Amino acid sequence: MPAFTHVHTSLTGQSHKTSSTAAALRNVGSLIHVTIQSVGVNTTTTTTTTTTFASAFAVFSSTTTASQQLPNKRVSGEELAAVENMLGRPNGIRRSSSSFAATATATNIQQQQQQQQQQQNGKNRQDARKARALMRAEKAAANNNSTKKEQQQQWSSASSTPPPNRQQPTKQTTPIKPPTSLNKTPAATTTTDNSSTAQQQRRNARAQSSQPATPPKKTPTSPPKQALSAEEDAKIALQDTHVVRDVDAARRAVELLKRHARENEEHAHAIDTEVQSIDVKADGPCGHGRVICISVYAGPLVDFANNKIYSRLSDVPSDARRTLWIDTGVVLTEEQQQQQQTTAEMEPPVNPWLEEAKANEKKKKPKSKKDGDVVSAETSSAETAASEASDAVSQPTMTVFGKYPSTLEDPDLYKASDIMEVFQEYLEDDVSQKVWHNYGFDRHVLENVMLENGKTVKLAGFHGDTMHMARLFDTSRRAGAAAAATGEDGEDSAGGTSYSLESLSTDRNIFSHYDAENDLEVVGRTGNEGAEDREKARELLSAAFAKRRSMKEIFSKKKVKKDGTEGKTSVMPEMEELQTSEETKDLWVAYSGTDAKATWMLYRALRCNLRSVCARVDKALYPSEEGRDDSSRRTLWNVYRDFLRPFGELLTDLESVGVWVDRDALKKGEETAQQAEKDCIQTFVDWASTYIENAKYINPGSVIQLRQLFYAGLVDPKTGKEIVAESRTFKTENTENIILPDAKTSKPKKYLDFDLTALLPGKQMTVYGTTPSGLPQVNGPMLRKLAGNPGAGKAYLDALDAGESSPPTNGLGDAFSAFGGGREGARACHAIDKMCEATAIQTQVGTFLQPLQKPTHDERIHCSLNLNTETGRLSSRRPNMQNLPALEKDLFGVRKAIRAEHGNALVVADYGQLELRLLAHLAQCQSMLHAFEVGGDFHSRTALGMYDHIKEAVSKHEVLLDYSELDDSIPDGERPPLIKDVYASERRKAKVLNFSIAYGKTEYGLSKDFGVSVEEAKDTVNRWYADRPEVLAWQEEQRRMAMQDGYVATMLGRRRNLPNAAGRAGGGSGGRRMYNKLQGGALRAAINSPIQGSAADVAMCAMIRIHGSEELRRLGWKLLLQVHDEVILEGPESSSQEVLELTRQLMESPFDGLVEADHPALSVALSVDAKTDLTWYDAK
């Protein structure tokens, strides 16, 4: 204390110093104060010292009026030097590298205390280092935005507690900022009388007016934010969670939820589920997955603990519990637990063909790792996705048939608990509106629950899906590198800018326009909401940004080795274990209960955002939008409410119904495909063996061995370095038990060595691309370039066998000339074509023939339909029903195996040239509108408008556009030929242009399609535009809007965000090239997105009309599937013709009753082709 008294005396005597010196000293004083409290020193001596210095400093401050006390301000070098000169260097203020490292010492009072002071200085330096480390931790935690109300209360209570061994002060106490430590040590307090406090406040108020233009960082008034442990997070979350584990509590919760729903009809509750017994990568939720708990969040005004609904946020008590967590009570018996454990650990069922393929692979697989001739490892690390498909020929994959039991295999596993029986009433209540994130998943797993009466839960009251709302709001979000991994969120859970709940609920861009303070469902509906309500609303919104830990981060455990030590691999316990274990159940409740609240907050924010964005709609659908200002125009919320919300529920209905498949037919198709694949591979091996005898031992699925065949001896022309060795030794399994002459034993070796060289020694094959390591790529596209068009080599050989001396070489690949042309060149093309064919066959087997045979709970296939493309088109997975083989490529009866059940029939209806018709309407292209009006062959009519010589031939009646206007009495032999027969080449170019122009294809791309120069392709494009100038003008307008507004829109107003359309470059020439490339892609998307997106609008509205048709429902027909522009229905065969006509009518007028116009008419009629039959193949 004497030291600081001396400082006080010295300072008061120097009051005539400059104002900058005074400001500097005040800053230093503040820093001293903060340093002591940040280190957390609680001794009596230190506290007294701080108090004395603060009092002395207050006196000094009262003598100066030029500046103010600014806590936590970094001291400049000049200011610190001035103070040091006053106090005497070097024992004045000891500097540090951090603003919180300044430490005041006063060692010039008594000489005999110098040694003791040096020791204290050392301690101060150590404390300062700790303070800096703690402040860095505080800064990192502040970015987490995880301020907790309960934590504030802890700090407040800790600050009001007197330090140990001290008497409770009688004066007003001001808490010192608590130490930033992990153990939350209670902070010391400092005493200040009321008069001194008032004076300081007046001084601060006066100084506020003279504050610099760029104010220093203020000392936060709230407690420091710091990263909490999982246990601390759980404790805080549990304080707001009401757990239901008995029937009585369930009844009270259901009553409160239903009462709240009826009092607030526009309000929606958010629901989330946690599911056990499902492998989301292999199985869809229909028939798989047991719900083990449900969480519900009805908003911050609903208190489940006190069974009350409050009118204002400030009325909600501190003991309120607003998240409802429901234990569904599904507990396995010991027998079921054992069965599930056994099933999960079982090997997949034996597939004979798969085992045979693996055995064949072992023949070529090396015993040692030095050759690295392992297809899967090589391909996955160095080759492209196309290469992986090619490599899969010898190692076909197969979907695992059930890691967990389905509802078919173990119905008892899915029996509802008593609590679920109670909540059935709420889940099926249509008045209680509910929002979800990935509604389809939650709906299906809840409908897996078997009620006591043998029925399942039928959800009602669907109000929204935040995943679809987010897609409508921003179509340009991208997933990270782990996007391929999909979970129950329906999307990758890797965060980034994906559509997962974790990514969306912590995205500040989504919440930036959401005003929680004025949201009546948050602050209250009394009309008297005040500052306290708004403050609590801000706290609620701030807490929404707390970054959630992943399940793996919280619950994973290191795998224990045999010696008892922990390994590097982490394993996840089963969810049921997490929910029932005493060690983890509280953590589990806290973790699983947060998703419902996050979904509710996300829904409120997205709803606000969608309401604030105008929808640019087609005036033919909404005539009154013409001339309206933005305040009265339709918004994206109208688009979601009127279309995407009913469409989202419709998609889940389609998933529930599924399609029936003939598994016996699929099995026969698989056997045929396996044999065809073997024949193709054998053709290639036989051909390669004519050049290299050892090629008979190769593994055609090995990238390394194929590279050796085509590129052995390849040399880098720049460096002269050998890229691929001229000869390489591989190993193959000794299936014939050959004993080598120099063998030391009479026992045959398991593997034999064989050498591979190039098929064409001394001749360098064309390199079509390289791997990251510089090796020539060997993949599907490379093989296709060598082979040429499918079947071209075989056609050439057949022509030679038929006696033609010089058959045409059209369609033959580069291998034709590389292998000398003629028969040898054609044989090379044919053999390599067979390798490509084998790859395509294997794809059909692994993607369709095997997965469609997978047993299900109702013998129907249930795919997952996703609205996840930027244009609004559907995609599907598990299995992928959107990419079934086309009719001409369906060699093994995949479409034929998809059929109606006994007594039923299918109706398949498809739009004809939908995108071209919409282009004609959007661009108001007169020639296209006329062509569609008169009918006939549209592509021939396009060619007629492009080429003068075709016009002349038509005018001379040498050719006809079609026979529709020709007299039927004229015999067929006397009729002129059609344009498509005489001018097939011109018609083909016209057809390519018709579809390519709509997709924004350039002259460069078309030159590759046509096999001509860019100048010739440009001339052809100009001919097309010459007959369609309105299309060119429309495309320019779309590009302009994309560059100006950053988006384009569909007919219904859905947006495609194109942030790269502006093409703002940076970072030199490389940056400009990158931005030019991105801009080019964005501007092409600006042309095709309105067309494809509007086609998706048409298909969506048609499906809504079909699904909602009372007549179709009365006749017993259901919508099964939509594939691009095609829909499939199933129902009684007796009414199939009636339904066919009704379906056609609904699809030809898709917008009737859904938009503003009574009978909205497009400028061009929509054409629908429909047919009925027993199988999908026959109905096409």
Grab the helices (runs of 4 or more DSSP H) fully contained in the range 977-1030, keeping just those with 3 or more residues being among the acidic types (Asp, Glu) and buried (at least 19 other Cβ atoms within 10 Å of the Cβ). none
Filtered residues of the range 607-657 (kept if within 24 Å of residue 437 (Cα to Cα) and among the acidic types (Asp, Glu)): 642, 649, 653, 655
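Quick grid of which residues meet (1) of a type outside the set (Val, Ile, Thr); (2) at pLDDT below 85; (3) under 39 Å from the mean Cα position of the chain (by Cα); (4) on the phi < 0 side of the Ramachandran plot:
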position: 944; (1), (2), (3), (4): yes, no, no, yes
position: 952; (1), (2), (3), (4): yes, no, no, yes
position: 962; (1), (2), (3), (4): yes, yes, no, yes
position: 965; (1), (2), (3), (4): yes, yes, no, yes
position: 983; (1), (2), (3), (4): yes, no, no, yes
position: 1001; (1), (2), (3), (4): yes, yes, yes, yes
position: 1009; (1), (2), (3), (4): yes, yes, yes, yes
position: 1018; (1), (2), (3), (4): yes, no, yes, yes
Single condition residue 608 does not satisfy, out of (1) within 18 Å of residue 638 (Cβ to Cβ); (2) in contact with a Gly (Cβ under 8 Å, 6 or more places away or on another chain): (2)
How about the range 281-295: which of its residues are touching a strand residue (DSSP E or B) at 6+ places or on another chain (Cβ under 8 Å) and either modelled with pLDDT of 85 or more or surrounded by 24 or more Cβ atoms within 10 Å (Cβ to Cβ) (or both)? 284, 285, 289, 290, 291, 292, 293, 294, 295
Selected residue [closer than 16 Å to residue 1169 by Cβ and at pLDDT 90 or above] from 905, 900, 909, 923: 909
Just checking: which of the helices (runs of 4 or more DSSP H) contained wholly in the range 562-654 hold 3 or more residues that are crowded, with 19+ Cβ neighbours inside 10 Å and of a type in the set (Phe, Trp, Tyr)? 585-612
Search result, residues across the range 1161-1180 that are in a loop (DSSP other than H, G, I, E, B) and in contact with a strand residue (DSSP E or B) (Cβ under 7 Å, 6 or more places away or on another chain): 1166, 1174, 1176, 1179, 1180
The range 868-898 - residue that is within 30 Å of residue 1086 (Cα to Cα) and in contact with a Gly (Cβ under 7 Å, 6 or more places away or on another chain) and, of those, surrounded by the most Cβ atoms within 10 Å (Cβ to Cβ): 872
Just checking, how many residues over the range 899-911 are surrounded by fewer than 24 Cβ atoms within 10 Å (Cβ to Cβ) and small (Gly, Ala, Ser)? 1
Report yes if some residue within the range 1157-1171 is closer than 25 Å to residue 918 by Cβ, free of Cβ contacts under 8 Å to residues at least 12 places away in the same chain and surrounded by fewer than 23 Cβ atoms within 10 Å (Cβ to Cβ); otherwise report no. yes
Search the range 753-782 for residues that are in a loop (DSSP other than H, G, I, E, B) and pair each with any residue that is of a type in the set (Val, Ile, Thr) and surrounded by 14 or more Cβ atoms within 10 Å (Cβ to Cβ) when their beta-carbon atoms are under 6 Å apart and the residues are at least 6 apart or on different chains. 777/771; 778/703; 779/384
State the number of residues belonging to the range 304-321 that are closer than 17 Å to residue 590 by Cα and either part of a strand (DSSP E or B) or in contact with a Phe, Trp or Tyr (Cβ under 7 Å, 6 or more places away or on another chain) (or both). 1
So which of 729, 719, 771, 735 ends up being touching a Ser or Thr at 6+ places or on another chain (Cβ under 9 Å) and of a type in the set (S, T, N, Q)? 771
Residue hits (the range 720-739; more than 47 Å from the chain's Cα centre (by Cα), without any contact (Cβ under 8 Å) to a residue 12 or more places away in the chain and surrounded by 10 or more Cβ atoms within 10 Å (Cβ to Cβ)) are 739
Could you tell me which of the residues 479, 543, 537 is under 30 Å from residue 870 (Cα atoms) and either over 27 Å from the mean Cα position of the chain (by Cα) or modelled with pLDDT under 80 (or both)? 479
Here is a list: 687, 660. Which entry is within 35 Å of the chain's Cα centre (by Cα) and surrounded by fewer than 22 Cβ atoms within 10 Å (Cβ to Cβ)? 660
Out of 298, 320, 305, which single residue is assigned by TED's automatic domain parsing to the domain that holds residue 245, in contact with an Asp or Glu (Cβ under 6 Å, 6 or more places away or on another chain) and at pLDDT 70 or above? 320
Confirm whether residue 787 is under 18 Å from residue 680 (Cβ atoms) and either exposed (fewer than 15 other Cβ atoms within 10 Å of the Cβ) or at pLDDT 90 or above (or both). yes
Within the range 430-448, considering residues that are assigned to a loop (DSSP other than H, G, I, E, B) and touching a helix residue (DSSP H, G or I) at 6+ places or on another chain (Cβ under 6 Å), the one surrounded by the most Cβ atoms within 10 Å (Cβ to Cβ): 437
Tell me yes or no: at least one residue of the range 808-815 is surrounded by 24 or more Cβ atoms within 10 Å (Cβ to Cβ) and under 19 Å from residue 778 (Cβ atoms). yes
Residues within the range 1157-1180 that are at pLDDT 90 or above and of a type outside the set (Phe, Trp, Tyr), tallied: 15
Mind counting the residues in the range 238-284 that are hydrophobic (A, V, I, L, M, F, W, C), more than 17 Å from residue 322 (Cα to Cα) and part of a helix (DSSP H, G or I)? 1
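The values are calculated or read from the model by the stated rules, or taken from the named source; none is laboratory data. This one's a predicted model, so the numbers in the text were calculated from it and none came from an experiment. So basically every Cβ, Gly included, is an ideal-geometry build from the backbone, and we count neighbours across all protein chains shown.
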